[in-house]
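Quick notes on the structure that follows.
The values are calculated or read from the model by the stated rules, or taken from the named source; none is laboratory data. The model shown is predicted, which means the values in this text are computed figures rather than measured ones. When we count neighbours, we look across all protein chains shown, and the Cβ atoms used for this are built from the backbone with ideal geometry, even at glycine.
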Amino acid sequence: MADGTSRDRARHGLEFLERVRQAEAHIVLSKPRPEPPSAAAFLVNLFCKRSYAEGILGDLHEQFVQDCERCSPRWAAWQYWAGVGHSLLPLLARKLKKAGLIMMLIDYGRSKLGF
């Protein structure tokens, strides 16, 4: 009789362990994945052509996922912002330079035409 109850206990123990494993698997699978900063993606879309923006955002997203797995989501977000800045600074500098040239031409035209 003692042998039958010990088998039942062992079977219940195995069933319990299996339920625990299933619960752990569910927790791991349902864990929310961190998302890259949407404001940074908005800035890329705002200042870049669509074809460039898709490539930049794709590369940044790949790096973001790798950084989340290696380090932490917070660090990955910092790196994402740094990548956005690194991508946009030359573009913004060029646009500001172009706008400065246009403003200089407008001022020149005003001074010569008397506006």
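Numbers for the structure displayed
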| read-out | value |
| --- | --- |
| Residue satisfying all of: in the stretch 62-95; hydroxyl-bearing (Ser, Thr, Tyr) and out of contact with any Pro (no Cβ under 7 Å at 6 or more places or on another chain); surrounded by the most Cβ atoms within 10 Å (Cβ to Cβ) among these | 87 |
| Qualifying residues in the stretch 46-90 (those that are of a type outside the set (S, T, N, Q) and in contact with an Asp or Glu (Cβ under 7 Å, 6 or more places away or on another chain)) - the one farthest from residue 33 (Cα to Cα) | 75 |
| Identity of the residue in the stretch 42-54, surrounded by 13 or more Cβ atoms within 10 Å (Cβ to Cβ) and without any contact (Cβ under 8 Å) to a residue 24 or more places away in the chain, that ends up farthest from the chain's Cα centre (by Cα) | 52 |
| Among (1) surrounded by 10 or more Cβ atoms within 10 Å (Cβ to Cβ); (2) acidic (Asp, Glu); (3) at pLDDT below 90, the one test that residue 59 misses | (3) |
